[in-house]
Amino acid sequence: MEDPGGGPGNEQTNGGGSGLSRALARARAVDEGPEGLNCFLSLSQALDPGGEEGGGPLAGVPVAVKDNICTLELPTTCGSRFLEGYESPFQATVVRKVREAGGFVVGKTNMDEFGMGSSTENSAYGPTRNPRDPSRVPGGSSGGSAAAVAAGVVPCALGSDTGGSVRQPAAFCGVVGVKPTYGRVSRYGLVAFASSLDQIGTFGATVEDAARLLEVAAGHDPRDATSARRSVPSFVDALDDGVKGKVIGIPREYLTEALDPGVATSFAQARERLREAGAILRDVSLPHTRYAVPTYYILAPAEASSNLARFDGIRYGVRALGSGSTREVYEASRSQGFGAEVVRRIILGTFALSAGYHDEYYERAQKVRSLICRDFRRIWAEGVDLLFTPTSPTPAFPLGERVRDPLAMYLSDIFTVTANLAGIPAVSVPIDPVQGLPCGGQFLAPPWEETRMLAGAAALERSYASDGGLSHG
Ligand code: GLN
């Protein structure tokens, strides 16, 4: 590990503050200049450690936070011009928990505007670059958080995953990304994109780093009516459980022609490692998988069009100056404040919900969503413990390649959106790189079975580690 650049002059002596100052120095170094990674939209100024004195599972740990999660000390822009400089009057439950556990918020990370995108190129503040190859995207929408972990700024970070926005960038950057069960982590203070799909998730340099942050973040919160009254097991303690005797299903619908041949090879090798670790592999079918992307791209924009109505230049957001009536203020503010992808989603969503088309699109998509859920329930009932798939059909693509082709961009989510539609947990873990580019394998588990899922991810991680690790792959 190279020195993160916190020379003696940068060291602070206030308790655990040195971890923070080192992370800040590293963040500035990786983001600097026109060729910088652009992971962060704002950095913590305070050298106040922030966390509680003494122990805590995150004592002294610097954490990066996606910019759609509200913080008191730093702006929350959601990667949008509309919220430039916006300061939230409250903080998200997850941020409070990180601080109570002794962690520090290093800064807020870059993202596709309001979480809409798969490359972080839809940020109003310029794209983030992939630390493993700066000519490529880091994935999205939580690209800044994934890149901050991959660049060694922080060991763990918070993101949000509506259709894959934690797992896909984790795969592209070669780190671990977890989307927990819907309701496992409070969404209080997460700016809503599509409320029935959104979950806050965690990134880690290792499975253990991601699991530890998840353990802190998880739990019931009276401020979020969708957060579940479930006790939180120790995710970290479960990492030794392994996969011996576990039935791991390989859904054949995820091994399509769309799969890059290099990713297919890397995935096949990962599958063999699981077998060597004692798992029982089974070929399974989830027949409604092929409708997942169209279903998602009806439901997510429909919910977004409703959630984004609050950004009108009056209640929230930058107001367009010089406009006349209230309606003109709305129109001018929204036209100036939102980027092209957000406008496209609002139009799609409003159309899908409109009187004449509601049954044909929104309702039908809800029905297909039920069928996708049923596919998973059937698989679990047949005795499958976990599913294993590639995380994304390709490795990270070059910056600019898909900006003008929204459909190609949407297809990068083909393997991740099903978990959000079904509300189940999923994790992406690094597998063999493809031509030097990171690649991810995804475990999916039944609801609330994060422990089993993370044990699977840890078993795979250990298998690579025992052969000298992936960086030598
Ligand atoms: N890439 C997907 C989208 O654009 C998922 C985004 C997300 O998970 N926030 O909607």
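How many residues are assigned to a loop (DSSP other than H, G, I, E, B) and away from the ligand (no atom under 12 Å from the Cβ) when one looks only at the range 416-432?
Going through the range 416-432 one residue at a time, the tally reaches 3.
The rows are residues; the columns are (1) more than 19 Å from Pro390 (Cβ to Cβ); (2) away from the ligand (no atom under 16 Å from the Cβ).
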site: Thr256; (1), (2): no, yes
site: Pro261; (1), (2): no, yes
site: Arg271; (1), (2): no, yes
site: Ala279; (1), (2): no, yes
site: Tyr297; (1), (2): yes, no
site: Arg310; (1), (2): yes, yes
site: Ala320; (1), (2): yes, yes
site: Glu328; (1), (2): yes, yes
site: Gly356; (1), (2): yes, yes
*How many of the residues in the range 173-190 are within 11 Å of Gly441 (Cα to Cα) and within 13 Å of the ligand (Cβ to nearest atom)?*
1
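Name every residue in the range 410-431 that is within 24 Å of Leu299 (Cα to Cα) and more than 13 Å from the chain's Cα centre (by Cα), in order of residue number.
Within the range 410-431, the first condition is being within 24 Å of Leu299 (Cα to Cα), and the residues that meet it are 410-428.
Result: Tyr410, Leu411, Ser412, Ile414, Phe415, Thr418, Leu421, Ala422, Gly423, Ile424.
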*Before we move on, is Ala365 closer than 22 Å to Gly117 by Cβ and not hydroxyl-bearing (Ser, Thr, Tyr)?*
yes
*Looking only at the range 323-352, and only at residues there that are of a type in the set (Gly, Ala, Ser) and crowded, with 16+ Cβ neighbours inside 10 Å, the one that is nearest to the chain's Cα centre (by Cα)*: Gly339
*What number goes with the only condition from (1) more than 20 Å from Tyr254 (Cα to Cα); (2) in contact (Cβ under 8 Å) with a residue 40 or more places away in the chain that Asp405 does not pass?*
(2)
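Just wondering, is there one or more residues in the range 227-235 that are within 27 Å of Pro433 (Cβ to Cβ), of a type outside the set (D, E, K, R) and not in a loop (DSSP other than H, G, I, E, B)?
Of the range 227-235, the ones within 27 Å of Pro433 (Cβ to Cβ) are 235.
Going one step further and asking which of them are of a type outside the set (D, E, K, R), we end up with 235.
Of the ones still in play, those that are also not in a loop (DSSP other than H, G, I, E, B) are none.
No, that holds for no residue.
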*Taking the range 196-207 only, how many residues are in a loop (DSSP other than H, G, I, E, B), within 12 Å of the ligand (Cβ to nearest atom) and either modelled with pLDDT under 95 or of a type outside the set (A, V, I, L, M) (or both)?*
1
*asked:* I want to confirm something. Restricting to the range 377-409 and keeping residues that are over 21 Å from Ser165 (Cα atoms) and assigned to a loop (DSSP other than H, G, I, E, B), which single residue is nearest to the chain's Cα centre (by Cα)?
replied: Asp385
*Please specify each residue of the range 266-300 satisfying the condition of being surrounded by 22 or more Cβ atoms within 10 Å (Cβ to Cβ) and of a type in the set (Phe, Trp, Tyr).*
Phe267, Tyr296
*asked:* Among the residues of the range 393-410, what is the count of those that are within 14 Å of the ligand (Cβ to nearest atom) and within 16 Å of Arg344 (Cβ to Cβ)?
replied: 8
*asked:* If I filter the range 353-372 for residues that are of a type in the set (Ser, Thr, Tyr), more than 28 Å from Arg404 (Cα to Cα) and over 22 Å from the mean Cα position of the chain (by Cα), do I get at least one hit?
replied: yes
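Suppose we filter Leu454, Leu444, Leu460 for residues that are within 16 Å of the ligand (Cβ to nearest atom) and not small (Gly, Ala, Ser); which single one remains?
Numbers: Leu454 fails: within 16 Å of the ligand (Cβ to nearest atom); Leu460 fails: within 16 Å of the ligand (Cβ to nearest atom).
Going through Leu454, Leu444, Leu460 in turn, just one is within 16 Å of the ligand (Cβ to nearest atom) and not small (Gly, Ala, Ser): Leu444.
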*asked:* Out of Arg167, Arg212, I need the residue that is within 16 Å of the ligand (Cβ to nearest atom) and basic (Lys, Arg). Which one?
replied: Arg167
_Given (1) more than 17 Å from Val105 (Cα to Cα); (2) among the hydroxyl-bearing types (Ser, Thr, Tyr); (3) at pLDDT 90 or above, number of the condition Ser44 does not satisfy_ = (1)
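Okay, residues lined up against (1) in contact with a His (Cβ under 9 Å, 6 or more places away or on another chain); (2) basic (Lys, Arg); (3) modelled with pLDDT of 95 or more; (4) farther than 15 Å from Pro425 by Cβ:
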site	(1), (2), (3), (4)
Asp209	no, no, yes, yes
Pro222	no, no, yes, yes
Arg230	yes, yes, yes, no
Pro233	no, no, yes, no
Leu259	no, no, no, yes
Gly262	no, no, yes, yes
Phe267	no, no, yes, yes
Asp283	no, no, yes, yes
*Of all the residues that make up the range 86-133, how many are more than 19 Å from the chain's Cα centre (by Cα) and either within 13 Å of the ligand (Cβ to nearest atom) or buried (at least 24 other Cβ atoms within 10 Å of the Cβ) (or both)?*
2
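The values are calculated or read from the model by the stated rules, or taken from the named source; none is laboratory data. Bear in mind the structure is a predicted one, so any value in this text is a computation, not a measurement. Glycine also receives a Cβ, built like all others from the backbone with ideal geometry; neighbour counts cover every protein chain displayed.
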